[in-house]
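The numbers here are math on the coordinates, done by the rules we state, and not lab data. Quantities reported herein were computed from a predicted structural model and do not represent experimental measurements. Cβ sites come from the backbone with ideal geometry, for glycine too, and all protein chains shown count toward neighbours.
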Amino acid sequence: MKAAFFLLTLGLGVVLAVHLAMNGKVGEAIGNPRVANAVFWCIGAVTAIIVGLTGWKAGVLSQLSNVSPWLLTAGALGALLVFAIAALIPEVGAAGLFISLLSGQVITAMVMSHYGWLGSPVEQVNIYKIVGVVLMIGGAIIVTYTDEIFRLN
């Protein structure tokens, strides 16, 4: 991966963490994470429509018939994901939630890349990647359970 894309991806990770924590904080402030998330999604939908309209071309939606219906469930998955994260951040904290979330993403991405699922370029899993995942999971456990393990609180 080129350095610029790597840095952009790191920046997106920062935005994602802040965005989801903001969502969780609004849910906590109003006492209802589901309503807070619904408001966020409405604002996000308006933003997506505005951004989408900037690249609108006549007939673009006619190509939607070429898309498998199950792929369109990604919107629902995204909404449910953010609902779950907004509810979990106040319960488990941002650090533990995000390192666990990231670990799940890396493991899934490795499997997807190994088999080339959903158009991912094929990248075989090897011992180095497995060691990386084991270290990441170990890090997730340390980040999430340090206080309990070392009785810091």
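Cross-link partners of Lys2 among lysines, defined as those whose alpha carbon lies under 26 angstrom from its own and excluding same-chain residues fewer than eight positions apart: Lys129. Enumerate the residues in region 101-139 having an amide nitrogen under 17 Å from the point lying 7 Å beyond the Cα of Leu77 toward its Cβ. Inside the label zone: 101-121. In the chain, the DSSP-assigned H stretches of four residues or longer account for a calculated mean residue ellipticity at 222 nm of -26500 deg cm²/dmol, using -39500 (n - 2.57) per stretch and the full residue count as denominator. For the chain, the relative contact order comes to 22 percent (Cα pairs under 8 Å, sequence separation of at least 6). Full extension of the chain segment joining Ile127 with Thr9 gains 40.0 nm, where the gain is 0.36 nm per residue of separation less the Cα-Cα distance. Hydrophobic long helices, here whole DSSP H runs in the chain with Kyte-Doolittle means of at least -1.0 and Cα atoms spread over 30 Å or more along the helix axis, are found at 3-30, 33-54, 94-115, 127-150. Computed from the C-beta positions of Phe150 and Ala58 and an R0 of 41 Å, the FRET efficiency is 0.10 to the nearest 0.05. Projected over all directions and averaged, the alpha-carbon convex hull of the chain occupies 12.5 nm². Sparse packing (at most 16 other Cβ atoms within 10 Å of the Cβ) combined with a DSSP loop state is found for the following chymotrypsin sites (Phe, Trp or Tyr not before Pro) in region 9-108: Trp56.
Annotation note: trypsin sites (Lys or Arg not before Pro) in region 16-110 located in DSSP loop regions with a Cβ neighbour count of at most 12 within 10 Å are Lys57.
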